[in-house]
Amino acid sequence: MSKRKFVEKVNIPLKPSSKVLKTYTGENVQICGEAEIVVTDDIKTATLPLVVVERGGSPLLGRDWIQHLHVNLRINTIDSHDKKLQKLLEDHDSVFKSAADCLRDVKVILHGKPDTTPKFYRARQPPVSQSQKFVISILRT
């Protein structure tokens, strides 16, 4: 909960908090403190920690609150198996297979200008940050 909303709605003394909160981008969220709040639903009452942050948007419900309040968080998923796609993949499995194969027994003609000479280019080195992935990929095959 943001400090502004906390002062507006609750305004009780805050205790120091040892929690560390981060945004999706990894930035630290500045925590003002923590307060113990008595929360009651239809069935039971619980004392839960309320973390107050300097700036914030909508208040978020943490795992401890979800567990104590027995919030139903069903996640609906759809598993779709497209029959047309499966048939296409099966009919042309040689095109879609993952193994790196060579083209054999096929005569290829490259058309170009008659006065040009072919040039040989070496493969460029992969970036250092990606080189480990290349090594793993090569060892896997």
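Which entries in 83/133; 87/107; 22/83; 15/44; 5/44; 19/44 show an alpha-carbon gap greater than 32 Å? Where the Cα-Cα span goes over 32 Å, the pairs concerned are 83/133; 22/83.
Ordering 40, 1, 73 by Cα displacement along the dipole of the chain toward the positive end leaves 1 in first place; charges were set at the Cβ atoms of Lys, Arg (+1) and Asp, Glu (-1). Say the dipole of the chain comes from +1 at the beta carbon of Lys and Arg and -1 at that of Asp and Glu; which of 17, 135, 60 then lies farthest toward its positive end? It is 135. Normalising by residue count, the range 3-69 has a Cα convex hull of 100 Å³ per residue.
Near residue 17, the amide H atoms lying under 5 Å from its own belong to 34; only residues 5 or more places off or on other chains count, and H is placed 1.01 Å from N.
Where [x] 80, 35, 18; [y] 105, 39, 27; [z] 86, 40, 31 are the candidate values, the label of the one calculated here for Cα extents along the principal axes in Å is [z]. The magnitude of the dipole of the range 1-113, with charges of +1 and -1 set on the Cβ of Lys/Arg and Asp/Glu and taken from the Cα centre, is near 380 debye.
Note on the chain: helix-only mean residue ellipticity at 222 nm, from DSSP H runs of 4+ residues weighted -39500 (n - 2.57) and normalised by residue number, equals -7500 deg cm²/dmol.
Counting DSSP beta bridges with both partners in the chain, what percentage is antiparallel, nearest 5?
Antiparallel bridges make up about 90 percent of those DSSP assigns within the chain.
Using the Cβ of residue 31 as centre and a radius below 12 Å, the other residues enclosed give a net charge of +3, where K and R count +1 and D and E count -1.
Values quoted throughout were computed directly from the atomic coordinates according to the rules given, and no laboratory measurement underlies them. What you are looking at is a predicted structure, and each value in this text was computed from that prediction instead of being measured. Cβ sites come from the backbone with ideal geometry, for glycine too, and all protein chains shown count toward neighbours.
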